[in-house]
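What follows is a single structure, written as structure tokens, with notes after it.
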Amino acid sequence: MRLFVGLDIPAPVTSSLERLVNQLRPTARINWSPTANLHITIKFIGEWPGQRLDEMRQVLGAIPRPGACEIEVRGLGWFPNPHRPKVFFAAVQVPAGLIELASAADRATAGLGVPLETRPYSPHLTLGRIKAGAEVNGLRQAVAVMPEPQLGRFTAERFFLYQSELLPTGSIYHKLAEFPLT
């Protein structure tokens, strides 16, 4: 099973993101993410044996809690850069508690054999994936002329262990465990 640790996005923020995506969708033919699937990844685990699922739950349940995190979704960006983008995203302003949680999850899962992250933690919401050679000038221009979008704020009070099921029509996420942040 393919696993990751993440935060849910509440309905008001999802609605803001959906309005933004609907506004931008006509500007580029990219693989737009269904807004119902949007989440903030804390730690990507990858393939994990089902018979070791309880072990993963126990380790995640034992990590130090940073307390509730105030999250703000504001601005847009491109990975790795706007000149050769592969991902178009909504930016997540990074509170210290979220960085602590990502670091704790990284260390805890490393104890089970999951590779440590080599890149700095960069929380975001993937709005679309861009295939090589896709024309995105219209999207770049639309983003350049719009004011920085304020897409919402929320308080994250729990995080989740998700299973990502890859289907021909896209990914489906299943919550396997819930953990309080306080």
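The values are calculated or read from the model by the stated rules, or taken from the named source; none is laboratory data. This one's a predicted model, so the numbers in the text were calculated from it and none came from an experiment. With ideal geometry, Cβ positions are generated from the backbone for all residues, glycine too; neighbour counts draw on all protein chains shown.
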As an exercise: evaluate Met146 against (1) over 17 Å from Leu17 (Cβ atoms); (2) more than 21 Å from the chain's Cα centre (by Cα) and give the number of the one condition it does not meet. (1)
Among all residue pairs at least 6 apart or on different chains, which show Cβ distances below 7 Å where the first residue, located in the range 126-138, is in a strand (DSSP E or B) and the second is of a type in the set (S, T, N, Q) and surrounded by 10 or more Cβ atoms within 10 Å (Cβ to Cβ)? Thr126/Ser33; Leu127/Ser33; Gly128/Asn31; Gly128/Ser33; Arg129/Asn31
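I need the full set of residues from the range 1-37 which are assigned to a helix (DSSP H, G or I) and crowded, with 17+ Cβ neighbours inside 10 Å, in order please. So that I can check it myself, show each step before the final result.
Filtering the range 1-37 for residues assigned to a helix (DSSP H, G or I) gives 11-27, 35-37.
Once the filter is applied, which keeps residues that are assigned to a helix (DSSP H, G or I) and crowded, with 17+ Cβ neighbours inside 10 Å, the range 1-37 yields Val13, Thr14, Ser16, Leu17, Leu20, Val21, Leu24, Thr35.
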Considering only residues that are in a loop (DSSP other than H, G, I, E, B) and more than 14 Å from the chain's Cα centre (by Cα), look in the range 38-56 and name the one that is farthest from Ile9 (Cα to Cα). Pro49
Could you pull out the residue among Arg84, Arg2 that is basic (Lys, Arg) and modelled with pLDDT of 95 or more? Arg2
Report yes if Pro149 is surrounded by 12 or more Cβ atoms within 10 Å (Cβ to Cβ) and not hydrophobic (A, V, I, L, M, F, W, C), otherwise no. yes
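Closer than 19 Å to Arg25 by Cβ and crowded, with 17+ Cβ neighbours inside 10 Å: which single residue out of Thr126, Thr169 fits that description? Talk me through it step by step, then tell me what you get.
On the way: Thr169 fails: crowded, with 17+ Cβ neighbours inside 10 Å.
Only one candidate passes the filter, namely Thr126.
Name the residues in the range 86-114 that are part of a loop (DSSP other than H, G, I, E, B), over 17 Å from the mean Cα position of the chain (by Cα) and touching a residue at least 40 places away in the same chain (Cβ under 8 Å), would you? Explain how you work it out, then say what you get.
Looking only at the range 86-114, we keep the residues that are part of a loop (DSSP other than H, G, I, E, B), and these are 86, 94-95, 111-114.
So of that shortlist, the ones also over 17 Å from the mean Cα position of the chain (by Cα) come out as 111-114.
Scanning the range 86-114 gives Gly111, Leu112, Val114.
Quick check on my filter: what residues within the range 139-153 are outside any strand (DSSP E or B) and in contact (Cβ under 8 Å) with a residue 40 or more places away in the chain? Outline the logic, then answer.
So the first thing to find is which residues in the range 139-153 are outside any strand (DSSP E or B), and the list is 139-149.
Matches in the range 139-153: Leu139, Arg140, Gln141, Ala142, Val143, Glu148, Pro149.
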Pairs needed: first member in the range 154-182, more than 12 Å from Gly6 (Cβ to Cβ) and at pLDDT below 95; second member anywhere, assigned to a loop (DSSP other than H, G, I, E, B) and hydrophobic (A, V, I, L, M, F, W, C); C-beta distance under 9 Å; at least 6 residues apart or different chains. Glu165/Met1; Thr182/Ala68
So Ala102, is it in contact with a helix residue (DSSP H, G or I) (Cβ under 7 Å, 6 or more places away or on another chain), modelled with pLDDT of 95 or more, within 21 Å of Arg119 (Cα to Cα) and buried (at least 19 other Cβ atoms within 10 Å of the Cβ): no
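Taking the stated definitions as given, is Val59 modelled with pLDDT of 95 or more and either surrounded by fewer than 14 Cβ atoms within 10 Å (Cβ to Cβ) or in a helix (DSSP H, G or I) (or both)? Let's see the steps before the verdict.
Numbers: modelled with pLDDT of 95 or more: yes; either surrounded by fewer than 14 Cβ atoms within 10 Å (Cβ to Cβ) or in a helix (DSSP H, G or I) (or both): yes.
The answer is yes for Val59.
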